[in-house]
1. For a Förster distance of 22 Å, can you work out the FRET efficiency between the beta-carbons of Ala13 and Val144, rounded to the nearest 0.05?
2. Kindly report, to the nearest 10 Å², the accessible surface of Asp85 as traced by a 1.4 Å probe over protein heavy atoms only.
3. Taking 0.36 nm per intervening residue step and subtracting the Cα-Cα distance, what contour gain separates Tyr152 from Thr42 on full extension?
4. May I ask which residue of Gly93, Leu113, Pro21 lies farthest towards the positive end of the charge dipole of segment 1-148, with charges of +1 (Lys, Arg) and -1 (Asp, Glu) on Cβ and the Cα centre as origin?
5. Once you've got the GNM for the chain with C-alpha springs shorter than 10 Å, pick whichever of Gly117, Gly147, Gly83 has the biggest mean-square fluctuation.
6. Report the GluC sites (Glu not before Pro) located in segment 38-122 that are in a DSSP loop and have at most 16 other Cβ atoms inside 10 Å of their Cβ, or state none.
7. What whole number of Å gives the distance from the Cα centroid of segment 41-94 to the Cα centroid of segment 109-164?
8. What distance in nm lies between label points placed 7 Å from Cα along the C-beta direction at Arg99 and Val67?
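The values are calculated or read from the model by the stated rules, or taken from the named source; none is laboratory data. Because the structure is a prediction, the values reported are computed rather than measured. Using ideal geometry, Cβ is built from the backbone for each residue, glycine included, and neighbour counts are taken over all protein chains shown. We work out accessible area using only protein heavy atoms, side chains counted, and drop any ligands, DNA or RNA first. Shrake-Rupley method; radii C 1.70, N 1.55, O 1.52, S 1.80 Å.
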Amino acid sequence: MILTGPEITAAVADHRLQITPFDLSQVNPNSYNVSLGPTLLTYTSPVLDSCDRNVTTSIEIDESGFVLQPGELYLGHTLEQVGSDQFVPLLFGRSSVGRLGLFVEITAPIGDLGFHGQWTLMLSPILPLRVYPGMEIAQIMFFVAAGAVDLYSGKYQAATGPQASRSWWDNRPVAVS
């Protein structure tokens, strides 16, 4: 069961759902629009390693915006901190942003019960695209969970700003014989 806009608003009011800051104008019929935070990360190496830390560089987006370039992966973040111990969040790019050729979070849209923090956004433009801090870039839908709940306490808990991959925590080289 998906939460409707009025139920999202009620869940924020009674603290079953955290969205901070919360703006009533960003509530949709069955989702909430989230905004782009001011910081982007890009990886500095032409080859990324899933079993090792990858070096990043930080970009601050000012009010004049920043032009995303095709062929580059940008890690952005939501301005809002979002989380719930009761509802499963799913994040998707807004259709208006998709119509500008920007892929947002296409590989990992599901959030975990118990995660609370800013969401890292994987941004990949098809064409050069100027983005601005605070622009509504994605939407989050919330679903009711059924069954026993094991709350998230993983490596990205309480994230602030974009988070580079920590796949190296999970992936270890395996000797092949």
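1. Numbers: r = 17 Å, r/R0 = 0.79.
Once rounded, the FRET efficiency stands at 0.80.
2. 70
3. 37.0 nm
4. Highest projection toward the positive end goes to Gly93.
5. Gly147
6. On the way: sites: Glu60, Glu63, Glu72, Glu80, Glu105; in loops: Glu63, Glu72, Glu105.
The qualifying sites are Glu63, Glu72.
7. A separation of 10 Å, based on Cα centres.
8. Label-label distance for Arg99 and Val67, simple model: 2.4 nm.
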